[in-house]
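Have a look at the structure below before the remarks.
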Amino acid sequence: MLPDCSGHAAKVWITIYGGTKACSNIKADEVFVMYKKVFTEVIVRYTMDGEKIPMYILWEDGRKFRVDKVVDSRPAPSLKVGGCGTRYTCVIGGREAFIWYEDGKWYVEAMA
């Protein structure tokens, strides 16, 4: 249940077709997207320096997604589902996506 924000405009982040957009002047009770933390198997290549480079994400239903490129990796929180680890900004199927590595496990933010 959302708090009563009637009459107050809020900046709300919504996800449409895999892209996140900021929508201003939307009341908080008009748009609400739930996310969940989904732990996944990830096939990883290790460099000589011990750096982890994700190569494939194996989804729960058996689908396999190739990571085309790792754009960035840095310590960062998951603001949608909680937690903090190493966030990998990746290009998967031509779209930018985040995956996290935390306490020896990989996860993504998925719409609930």
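Test Lys69 against the criterion of being out of contact with any Lys or Arg (no Cβ under 8 Å at 6 or more places or on another chain) and closer than 15 Å to Met55 by Cα, and give yes or no. Considered against the rule, which asks whether it is out of contact with any Lys or Arg (no Cβ under 8 Å at 6 or more places or on another chain) and closer than 15 Å to Met55 by Cα, Lys69 comes out as yes. Output the residue which, of all residues in segment 74-97 that are among the hydrophobic types (A, V, I, L, M, F, W, C) and in a loop (DSSP other than H, G, I, E, B), is farthest from Ile57 (Cα to Cα). Applying the filter and picking the extreme gives Leu79. Here is the figure for segment 46-65: residues that are loosely packed, with under 11 Cβ neighbours inside 10 Å and at negative phi total 8. Return a yes/no flag: does segment 44-56 have any residue that is of a type in the set (A, V, I, L, M, F, W, C) and within 21 Å of Ala112 (Cβ to Cβ). Checked segment 44-56: no residue is of a type in the set (A, V, I, L, M, F, W, C) and within 21 Å of Ala112 (Cβ to Cβ). I want to confirm something. Restricting to segment 78-112 and keeping residues that are among the basic types (Lys, Arg) and in contact (Cβ under 8 Å) with a residue 24 or more places away in the chain, which single residue is surrounded by the fewest Cβ atoms within 10 Å (Cβ to Cβ)? Per the criteria, the residue is Arg95.
Bear in mind these aren't lab numbers, they're just calculated from the coordinates by the rules spelled out. None of the values given here were measured: they were computed from a predicted structure. Counting neighbours? That spans all protein chains shown, and the Cβs are built from the backbone with ideal geometry, glycine included.
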